[in-house]
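Written out below as structure tokens is the structure these notes cover.
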Number of protein chains: 2
Amino acid sequence: MYPPTTPEPLSDHLTTQILNYQLTHGMHLKHITLNQPQPSHNITSSSSSYPISTSIFPNPFPRALFHHAHTLQPIYNELYARLSDSESWLYDAVIKPLLPVDPFARILWEMHLRMKSKRGGGYGSDISMGLFRSDYMLHVSGNGNSDQEEVEVEVGISLKENENAGLKLKQVEFNTIACAGGCHAKKVVDMHRYLTRTGVYDDIFSNADGEESRKSPITLSSLPTNENIKGLADSLATAHDIYGPVRSDLATKTGVLFIVQPDNFNVADELPIEYALWDRDVPVPTYRVEWGDDVLERTCLGGDRELLFYPHLQGEGSMPVEISVVYLRAGLEVHEYDAVGIECRVRLEQSRAVKCPSVLGHVLTFKKVQQALMGPGVLERFLDSEEKVLAIRDTFVGMYPMDGDSEEGNYARGLATDPETAWRYILKPSLEGGGHNIYGEDIPGFLLGMSSESEWGRYVLMERIRSPVVGNVLMSKMGVEESDVVSELGVFGLCIWKKGDILRNETVGWSLKTKFADVDEMSVVKGFGCFDTPLLV
Amino acid sequence: MYPPTTPEPLSDHLTTQILNYQLTHGMHLKHITLNQPQPSHNITSSSSSYPISTSIFPNPFPRALFHHAHTLQPIYNELYARLSDSESWLYDAVIKPLLPVDPFARILWEMHLRMKSKRGGGYGSDISMGLFRSDYMLHVSGNGNSDQEEVEVEVGISLKENENAGLKLKQVEFNTIACAGGCHAKKVVDMHRYLTRTGVYDDIFSNADGEESRKSPITLSSLPTNENIKGLADSLATAHDIYGPVRSDLATKTGVLFIVQPDNFNVADELPIEYALWDRDVPVPTYRVEWGDDVLERTCLGGDRELLFYPHLQGEGSMPVEISVVYLRAGLEVHEYDAVGIECRVRLEQSRAVKCPSVLGHVLTFKKVQQALMGPGVLERFLDSEEKVLAIRDTFVGMYPMDGDSEEGNYARGLATDPETAWRYILKPSLEGGGHNIYGEDIPGFLLGMSSESEWGRYVLMERIRSPVVGNVLMSKMGVEESDVVSELGVFGLCIWKKGDILRNETVGWSLKTKFADVDEMSVVKGFGCFDTPLLV
């Protein structure tokens, strides 16, 4: 049995070790009290924090599929770079169907049109950058796909490699903006590796009652190392180098600008990247500014569209920093796009700084893109080899549009409104960030409760991935709980391209998130899951 | 002016940067709620924490004296190693006068006698180890020492090296047990160096109103790097190696044991050393156990006096770890020595593990030792060169016994009870850890309030160090406050010796602590000061 039953005193001791490790490694989220002015001198309240959720045991994951996900990433990077260069496809396949029903799609597209127009002055840079994250779950292929089968078969992950042949990687989503979790993921991996090194898992296994094997399968060689912080920092440094030297006469240096959300509780997932940029042999000056007014007040465009940034501590008349790379960790949610938010985004886009991502790159995060990629010939159009096409297509599960015009859309509407079939699906809006999906049996009622059927078109209907469950113990601020769990592997990719010419294309990191099998959502910072380390089998 | 006046918005921005850095680097202390059983599943409450106090600006410190303190350390190490080998001197100079009046001295000495007796079975190891910390303050030498002068002259530290010629290092105390602060000190130095790298100090200086110079004196080359965590871990690893291979048939490996206080709020100053030991190319297995019952339950002595430790996660019948080095971060306060505490300490001493420190090493932390070292010929007896003697003696300020028998003691009693002279002195008991001293004008009343004059002998009377004040801004959970401050430099030393033969003698780290000039105590974790970085001038 994995993991073995752990008697309470041992479990408490391990919990303490984990809490201590989290405290001393900054694996904490901030408690943020909104709508209350924070007295600047009250340090205790403003720094109150709690540990990020984590699994107690690494979670079994097939080694071959872990590595396969890494090899898929450059193909996905290339695919999405090509998509963003193809405005006409984007418009036809994604924007046009969403414009009438999805306000966020409309806002982004209008910004795009404004940028292109004379009034907008055109995009400031022809270099595009993506720090993508492609998320996968393991999927039990085979008879589970049969329409006749009404009960989900529970399949586990075997600790023996050759018994996992029926498992495949299926893509949950592809994120193109503000991809988070990299820093937390790296630190949780370090923690599980530390715990392994100290022998606690060996002790727990050797201590287990009535186990067939008392030897722990958790060894250092079964836990892959994680270099996300370096990978993400190197990515930004690469784009910074590509930007080149200072152009503006006003500035003396170039630097990277993190655009972050106000009242950000998740700084621990951003700051380590900034620290790593400052800590390089040749430091990359890195600053952070809050989405909205802060951006508008602290930046302006130079004569040659340089994005000039005035750091917060500088006085009047000081020299600005010329921004080489704008890294968005904000602007991913529709509510951020009030008039100020729109001006903020436009200011950034107008500049010659490299945007991570640009507006067109951002649009690619819509779930509609995943669904559109399933269309006949689409992958073939954007990828240059049959091998790449097959590799990508193999990660797809069924996805359908929900419009009332197309044949496919009407078929999907039938599936989604019928309780006999709906349980197999997830209804996903195009919004980013989790917490907006409708699952299985809730779909028919949800759809029928909407004011107009035309709104259904905002959604895509996605086949549920049938993920194998394993046991684990998860630790969050709600407590320590043993349960069946499922995992999601995210792979971080860097792509930098210039109108069809791909300058950099790499896999730069990964994260593993695990949640209770009976919970639908996956968002660690919202409390729906935890960070984890794969136990490669 | 140093530091320049910082307008509130800038100060708030800098404060946020510091809080974020502290959060993400584990520079936090735990909130511990005593006498309440911690429900093991309530993660939030058991991990509540707050940032360690820190200065906002590095504090000026003469470069030559900073380096001089490092060269003094091996001499002090040697001196204290020799003292601990000289039981007769220790007894005559320290123990005999304290036995009638100091319960802690009595407890330690009785343990020593018990160890030596047939019943105690003798000390288990002839190797001694010290991880010492010698604390210094800067002292304004010259006319300030005159008896005629009644008002303290406020002297600052100049940013120009040649203007600090009147400053000397004077020793505050020499700590031989549970020397803390190393990990915090290192992280605060890293933080000030990070802030410097980002240019915030340059910005603040260039922003200052009406300053003569707007150029910041804070540069990376003026802030020494700090490798305390590596230095302390290397020290323990060295002793671990000297211990050699496993002797007991029961154990399969050797390891280091940290003895820590229960309900420890300061784990962030201990755990990084443990992590560093596990993280070496050849990991040094390291465990922690709580002082008292936990030690007695989890350890036993092997046939050849091996200290056998059973890790908390192991089951019945598992193999113990043979402890190579016992590192005490507990057992430094008299209240820890109830019957269980005494058995705990004796168990450790009886073992063949290297103790850091042994009971005789522990006794050397008594302030009485500092005072006794001032006696004629004492330094000459224990140090082998006139040069070493002069270097050490130069760090002494006047210190007197407070007994009623000796001429010196009666002279000191006169100084201490007369308000005209008492203000120049500090009355120090032999206790460790701060918070027990009586300062200046409070001394006469304190002494007269004691039930018997014979108790006065527990104290030594120490001349107050007249430390130059500078301005700084300190940040603690009480808030952010600008004030005159004074600093204390601690230097960590490693010494390993075997009956007169010194095996290792090194300087392994340092810490700088700064407090408000009008506060007497210095203890960061108790809220009386903060960690700091020297701005070498």
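The values are calculated or read from the model by the stated rules, or taken from the named source; none is laboratory data. These numbers were taken from a predicted model, which means no experiment stands behind them. When we count neighbours, we look across all protein chains shown, and the Cβ atoms used for this are built from the backbone with ideal geometry, even at glycine. Only protein heavy atoms, including side chains, enter the accessible area calculation; ligands, DNA and RNA are left aside. Shrake-Rupley method; radii C 1.70, N 1.55, O 1.52, S 1.80 Å.
In region A:164-200, comparing the full protein assembly with the chain on its own, the residues that lose 20 Å² or more of accessible surface at a 1.4 Å probe are A:Tyr194, A:Arg197, A:Thr198. The Cα center of region A:486-537 and the Cα center of region A:362-429 differ in position by 20 Å.
For the residue pairs A:Lys30/B:Lys186; A:Lys367/A:Lys498; B:Lys187/B:Lys513; B:Lys170/B:Lys230, the C-alpha atoms sit more than 21 angstrom apart in A:Lys30/B:Lys186; A:Lys367/A:Lys498; B:Lys170/B:Lys230. Computed from backbone phi with θ = phi - 60° and the Karplus coefficients 6.51, -1.76 and 1.60, the 3J(HN,Hα) list for region B:377-385 is x, 5, 4, 4, 6, 9, 10, 9, 8 Hz; x is used for glycine and proline. Each label was represented as a point 7 Å from its Cα along the Cα-to-Cβ direction; for B:Asp418 and A:Leu99 these points are 9.8 nm apart.
Toward the positive end of the charge dipole of region B:291-381, with +1 on the Cβ of Lys and Arg and -1 on the Cβ of Asp and Glu, the farthest Cα among B:Val369, B:Ile323, B:Ala353 is that of B:Val369.
List the relative contact order of region B:399-463 as a percent without decimals, with contacts defined as Cα pairs under 8 Å and 6+ residues apart.
Computed over region B:399-463, the figure is 43 percent.
3J(HN,Hα) along region A:360-368: 5, x, 4, 4, 5, 7, 4, 4, 4 Hz, from the Karplus curve 6.51 cos²θ - 1.76 cosθ + 1.60 with θ = phi - 60°, whole Hz, x for Gly and Pro.
Near B:Gly303, once Lys and Arg are set to +1 and Asp and Glu to -1 for all other residues with Cβ below 13 Å from its Cβ, the sum equals -1. From its DSSP helices (H runs of at least four residues, each -39,500 (n - 2.57)), chain B gives a residue-normalised ellipticity at 222 nm of -9500 deg cm²/dmol.
Axis-proximal residue of chain A for the rotation onto chain B, reported as residue and distance in whole Å: A:Gly26, 3, based on Cβ position. Ranking B:Glu227, B:Glu306, A:Glu343 by solvent-accessible area of protein heavy atoms (1.4 Å probe, all protein chains present), from largest to smallest, gives B:Glu227, A:Glu343, B:Glu306. Roughly what percent of Cα-Cα pairs across chain B reach past 40 Å? Everything past 40 Å amounts to 25 percent. For the residues of A:11-17, the average number of beta carbons from a partner chain within 10 Å of their own beta carbon is 4. In region B:475-502, the residues that give up 30 Å² or more of accessible area when the other protein chains are added, compared with the chain on its own (1.4 Å probe), are B:Lys477, B:Val480. Rounded, prolate or oblate: pick one for region B:399-463, where a ≥ b ≥ c are the square roots of the eigenvalues of its C-alpha gyration tensor, a/c under 1.5 means rounded, and failing that, prolate if a/b is larger than b/c, else oblate. Because its axes are fairly even, with a/c under 1.5, region B:399-463 counts as rounded. Compared with the alpha-carbon gap, the fully stretched path from B:Glu455 to B:Val346 is longer by 36.4 nm at 0.36 nm per residue.
Of all accessible surface on chain A at a 1.4 Å probe, what whole percent is carbon and sulfur?
50 percent
Using a 7 Å projection from Cα along Cα-to-Cβ, the label point at B:Gly414 is separated from the same position in the remaining copies by 11.2 nm, smallest value first. Ligands, DNA and RNA are left out, and with a 1.4 angstrom probe the accessible area of region A:400-537 is 38 Å² per residue. Candidate cross-link partners of B:Lys253 among the lysines, defined by an alpha-carbon separation under 20 Å and a same-chain spacing of 8 or more, comprise A:Lys215, B:Lys355. Sorting A:322-328, A:163-169, A:374-380 by average packing, meaning the other beta carbons within 10 Å per residue, from highest down gives A:322-328, A:163-169, A:374-380. Evaluate peptide A:306-312: per residue, the Cβ atoms of other protein chains within 10 Å of its Cβ; return the mean as an integer. The mean count of partner-chain Cβ atoms within 10 Å per residue comes to 2. Region A:454-471 and region B:283-357 have their alpha-carbon centroids 55 Å apart. Calculate I(q)/I(0) for region A:245-329 by the Debye formula, one identical point scatterer on each C-alpha and no solvent, and give its log10 at q = 0.12, 0.15, 0.20 Å⁻¹ to two decimals. Each listed q maps to, in turn, -0.35, -0.54, -0.95. At the residue level, B:Arg280 shows approximately 80 square angstrom of accessible surface with a 1.4 angstrom probe and all protein chains present.
Each copy carries B:Asn162; placing its label point 7 Å along the C-beta direction from Cα gives inter-copy distances of 8.3 nm, listed from smallest up. DSSP assigns beta bridges within chain A; of those with both partners inside it, close to 75 percent run antiparallel. Given a 1.4 Å probe and the protein chains as shown, B:His184 ends up with an accessible area of around 10 Å².
On the basis of the beta-carbon distance and an R0 of 45 Å, B:Glu333 and A:Phe265 show a calculated FRET efficiency of 0.70. Ascending distances from the A:Gly398 label point to its copies in the other chains, with the point 7 Å along the Cα-to-beta-carbon line: 9.5 nm. Protection proxy ranking for A:111-121, B:267-277, A:462-472, using the average of other Cβ atoms within 10 Å per residue and placing the highest first: B:267-277, A:462-472, A:111-121.
Between chain B and chain A, roughly 4700 Å² of accessible surface gets buried, counting both sides and using a 1.4 Å probe.
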